[in-house]
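S.K.: The structure is given below, and queries will be raised subsequently.
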Amino acid sequence: MLALFRQIEKIGRSAASVLIQGETGSGKELAARAIHARSDRRAGPFVAVNCGAVPDGLIETELFGHTRGAFTDAKEARAGVVAQAERGTLFLDEADTLSPKAQVSLLRFLEDLRYRPVGTPAEIAADVRIIVATNQDLQRLVDDGRFRSDLRYRVSILCLWIPPLRERPADIALLAEHFIRFYSDKYRVPPKRLHPDTLAWLKRHDWPGNVRELENWIHRELLLADGEEIQADAGLASGAAPPAPRALGGDLRTAKARALAEFESAYLAGVLAESRGNVTVAARLAGKERRTFGKLLKKYCIDRSRYKN
């Protein structure tokens, strides 16, 4: 990680486009923000876009904006994210989800950083740095014919690989303590200690969701733990018998309903964290219709704005 931080410092001093690769939840956007903060564009905006959440038919409008009347529902002019990021950094996350049409639009823009808002004949010159992120191997997508090779070269002048959390177990305790302090301050509750067995389990766990999964786990367990220590469910991954349900009480039917409600609430929070508060994306991850997913959020009083960056 120290080598990674040194790379971020070097990359920050350049204006070239950057490709950040890493597994879901490993901290790609945090790295992008760190690059921006160390660049001469730090006083400008940092604009993040999740490419997977933009419908293919709206990609040019999202990127470049449109004029009033440019299409049926264009009742007023709207600036695109390129204009919003002027003199700053535009971060395009999940770039591997871009359709062939969207890839052509982005490639055309990257060739000379000039664009036309939809419905306008005049070209505009942009002063913006592009940082692209993906949890996929772009070269493999190129080999499979799913990503343009010329676009890959455009976005990967500089490259950064974020290692998964399982490859840096020494960071787990530090991150866990950080998240305990953060959420203790946020909810104004006394900070809790990690039980030694829990800490040992945290270091053994693979964390397929990486830092985001760890943060979500600490967030949930801090709020649910009784007493001054966090020790919930620590034995599950090691094959030990599951701990007794937390203060479920009542008969089996009541206990089961409460356990299910706890799971659903935690699951909803997890997919919202992964989608950064985007309900449409979270609903897709959960395999639910957006309306149904929204009703579940209301049922458990979950505020999606808490999960936005």
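S.K.: Starting from region 25-36, keep only residues that are without any contact (Cβ under 8 Å) to a residue 60 or more places away in the chain, then list their pairs with residues that are among the β-branched types (Val, Ile, Thr) whose Cβ atoms are within a distance under 8 Å, requiring at least 6 positions of separation or different chains.
M.R.: From residues that are without any contact (Cβ under 8 Å) to a residue 60 or more places away in the chain, the pairs are Ala34/Ile8.
S.K.: Being in contact (Cβ under 8 Å) with a residue 60 or more places away in the chain, within 26 Å of Ile162 (Cβ to Cβ) and either of a type outside the set (Lys, Arg) or not in a strand (DSSP E or B) (or both), is that true of even one residue in region 43-50?
M.R.: Yes, there is a match, as at least one residue in region 43-50 is in contact (Cβ under 8 Å) with a residue 60 or more places away in the chain, within 26 Å of Ile162 (Cβ to Cβ) and either of a type outside the set (Lys, Arg) or not in a strand (DSSP E or B) (or both).
S.K.: Modelled with pLDDT of 85 or more, under 19 Å from Arg166 (Cα atoms), part of a helix (DSSP H, G or I) and in contact with a strand residue (DSSP E or B) (Cβ under 8 Å, 6 or more places away or on another chain) - does that describe any residue in region 211-231?
M.R.: Yes: region 211-231 contains one or more residues that are modelled with pLDDT of 85 or more, under 19 Å from Arg166 (Cα atoms), part of a helix (DSSP H, G or I) and in contact with a strand residue (DSSP E or B) (Cβ under 8 Å, 6 or more places away or on another chain).
Residue-by-condition table, conditions (1) more than 21 Å from Ser275 (Cβ to Cβ); (2) assigned by TED's automatic domain parsing to the domain that holds Ile59; (3) aromatic (Phe, Trp, Tyr); (4) in a strand (DSSP E or B):
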{"position": "Phe91", "(1), (2), (3), (4)": "no, yes, yes, yes"}
{"position": "Asp96", "(1), (2), (3), (4)": "no, yes, no, no"}
{"position": "Gln103", "(1), (2), (3), (4)": "yes, yes, no, no"}
{"position": "Phe109", "(1), (2), (3), (4)": "yes, yes, yes, no"}
{"position": "Pro121", "(1), (2), (3), (4)": "yes, yes, no, no"}
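S.K.: Can you confirm whether region 67-82 contains a residue that is of a type in the set (A, V, I, L, M, F, W, C), modelled with pLDDT under 90, in contact with a strand residue (DSSP E or B) (Cβ under 6 Å, 6 or more places away or on another chain) and in the same structural domain as Tyr153 (by TED's automatic domain parsing)?
M.R.: Yes, some residue in region 67-82 is of a type in the set (A, V, I, L, M, F, W, C), modelled with pLDDT under 90, in contact with a strand residue (DSSP E or B) (Cβ under 6 Å, 6 or more places away or on another chain) and in the same structural domain as Tyr153 (by TED's automatic domain parsing).
S.K.: Six or more apart or on different chains, Cβ under 8 Å: which pairs go from a residue in region 140-162 that's free of Cβ contacts under 8 Å to residues at least 12 places away in the same chain to one that's of a type in the set (Gly, Ala, Ser)? Could you list them?
M.R.: Sorted first by the residue in region 140-162, then by its partner, the pairs are Val142/Ser149.
S.K.: Residue by residue through region 126-144, note down the ones that are among the hydrophobic types (A, V, I, L, M, F, W, C) and in a loop (DSSP other than H, G, I, E, B).
M.R.: The one that is among the hydrophobic types (A, V, I, L, M, F, W, C) and in a loop (DSSP other than H, G, I, E, B): Ala126.
S.K.: I need the full set of residues from region 145-166 which are assigned to a helix (DSSP H, G or I) and under 21 Å from Asp112 (Cβ atoms), in order please.
M.R.: Result: Ser149, Asp150, Leu151, Arg152, Tyr153, Arg154, Val155.
S.K.: Over 27 Å from the mean Cα position of the chain (by Cα) and surrounded by fewer than 19 Cβ atoms within 10 Å (Cβ to Cβ) - does that describe any residue in region 84-96?
M.R.: No, the conditions are met nowhere in region 84-96.
S.K.: I'd like the full set of residues that are part of a helix (DSSP H, G or I) and either within 13 Å of Ala173 (Cβ to Cβ) or touching a helix residue (DSSP H, G or I) at 6+ places or on another chain (Cβ under 9 Å) (or both), limited to region 184-210.
M.R.: Ser184, Lys186, Tyr187, Pro196, Thr198, Leu199, Ala200, Trp201, Leu202, Lys203, Arg204, Asn210 - these are the residues of region 184-210 that are part of a helix (DSSP H, G or I) and either within 13 Å of Ala173 (Cβ to Cβ) or touching a helix residue (DSSP H, G or I) at 6+ places or on another chain (Cβ under 9 Å) (or both).
The values are calculated or read from the model by the stated rules, or taken from the named source; none is laboratory data. As the structure is a computational prediction, the values presented were derived from the model and not from experiment. Because the Cβ atoms are built from the backbone with ideal geometry, glycine has one as well, and the counts that use them run over all protein chains shown.
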